[in-house]
Amino acid sequence: MIRLGIDIGGSAIKAALVNLDTGEIVSDTLRAKNNIETKPHDAAVNILRIMRKLDYSGPLGVGFPGRLVKNVLHKAPNLHPEWLNNDLTVFFEENTKSKTVVLNDADAAALAELNFGDPRIKTTTRAMFLTLGTGIGSALILNGQIWNDTEFGQLIFEGKRTMENVGAAAVKRIENLSWKQWGIRLNSVLEKYDFYFSPELFVLGGAISSSLDKFQRYLDFPEEKVIAAKLGNDAGIIGAAMATEKIV
Ligand code: BGC
């Protein structure tokens, strides 16, 4: 079955058609600009444009960088405030006339990695999946089951700084940190997660995870305990498409 997966992020909307049986992207990945100033209506226009380009009118899976409760976004630090407090399933269905399922972006990525990523994720008792991007997204995977809707990026690191303020990939760019400087920061974040949650495996997602070889030496963990997610930046799109399997 082919379904459209949409990943709404703090700097872009990315979407592609996904083969749900193989987890492969089977179209071009189309992008539209998105940032904290992009209102939901403008994002919906962009998504309609993408659907038209891909000649697609089936169900939609949409991943969001924020805390969702019953399809309503309650906190999304990197999106326009107009996204908050509305039922997003209703919003998309009205605007696109397609059945829609919405979910947290990190949960979407975790779903894709669990099914089509590194096989260790399925067999580990406690895996902690972290997407490192504009923020830090999270999901726990316990014996192959995803614990959805966690927000470990928002936990306090120290004072007013959250974990994502310290260790997100964007921090490296914004503060112009070297791999060593950023690696040490990420290590201090992982150490806190390790202390509080004792995962057996950290799975790092987001584009930066493909550079794990540049910062792994700064992480105070055995190499086999911190692995890069296999699907990288595509995981959010693939998992969002997979989530449409719930739609009958
Ligand atoms: C949000 C999470 C999201 C993560 C990655 C964080 O700022 O609170 O919900 O998963 O960014 O996009």
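The values are calculated or read from the model by the stated rules, or taken from the named source; none is laboratory data. The model shown is predicted, which means the values in this text are computed figures rather than measured ones. Using ideal geometry, Cβ is built from the backbone for each residue, glycine included, and neighbour counts are taken over all protein chains shown. Please note that ligands, DNA and RNA were not included when accessible areas were found on the heavy atoms of the full protein model with its side chains. Shrake-Rupley method; radii C 1.70, N 1.55, O 1.52, S 1.80 Å.
Just how many % of Cα pairs in the range 116-220 lie over 23 Å apart, if you round to the nearest whole percent? Roughly 22 percent, rounded to a whole number. Per residue, the chain exposes 47 Å² of solvent-accessible protein surface, assessed with a 1.4 angstrom probe and all protein chains in place. With θ taken as phi - 60° and the Karplus curve 6.51 cos²θ - 1.76 cosθ + 1.60 applied, the whole-hertz 3J(HN,Hα) list for the range 200-215 is 7, 9, 9, 10, 9, x, x, 4, 5, 5, 6, 9, 3, 4, 7, 10 Hz, x standing for glycine and proline. Here's how it looks for ALA229: its modeled amide H is under 5 Å from those of LEU204, GLY205, which are all 5 or more places away or on a different chain. DSSP beta bridges fully contained in the range 1-148 are about 75 percent antiparallel.
Applied to the range 89-95, the Karplus parametrisation 6.51 cos²θ - 1.76 cosθ + 1.60 on θ = phi - 60° returns per-residue 3J(HN,Hα) values of 5, 4, 4, 5, 5, 5, 7 Hz, with x for Gly and Pro. Taking θ as phi - 60° and the Karplus parameters 6.51, -1.76 and 1.60, the scalar couplings of the range 160-176 work out to 9, 7, 8, 4, 6, 5, 9, x, 5, 5, 4, 4, 4, 6, 4, 9, 6 Hz in sequence order, x denoting glycine and proline. Taken about its Cα centre, the chain carries a charge dipole of roughly 380 debye when the Cβ of each Lys and Arg holds +1 and the Cβ of each Asp and Glu holds -1. Between the amide H of VAL101 and those of LEU60, GLY61, VAL62, distances stay under 5 Å, these residues lying 5 or more places away or on another chain, with hydrogens modeled in the peptide plane.
I want to verify the translational diffusion coefficient of the chain in µm²/s; compute it with Stokes-Einstein, Rh as the Kirkwood radius over Cα pairs, at 25 °C and 0.890 mPa s. Before the final figure, lay out the partial values.
Details: Rh = 18.0 Å.
It diffuses with D of about 136 µm²/s by this estimate.
Here the chain has 50 percent of its accessible surface on carbon and sulfur atoms, given a 1.4 Å probe and all protein chains in place. Name the longest site-free stretch of the chain, where the excluded sites are GluC sites (Glu not before Pro) in a DSSP loop with no more than 16 other beta-carbon atoms within 10 Å. The reported range is 38-174. Net charge dipole, the range 107-248: roughly 300 debye, given to the nearest 20, about the Cα centre with Cβ charges of +1 for Lys and Arg and -1 for Asp and Glu.
Ranking TYR193, TYR56 from most to least accessible surface, computed with a 1.4 Å probe over the protein chains only, gives TYR56, TYR193.
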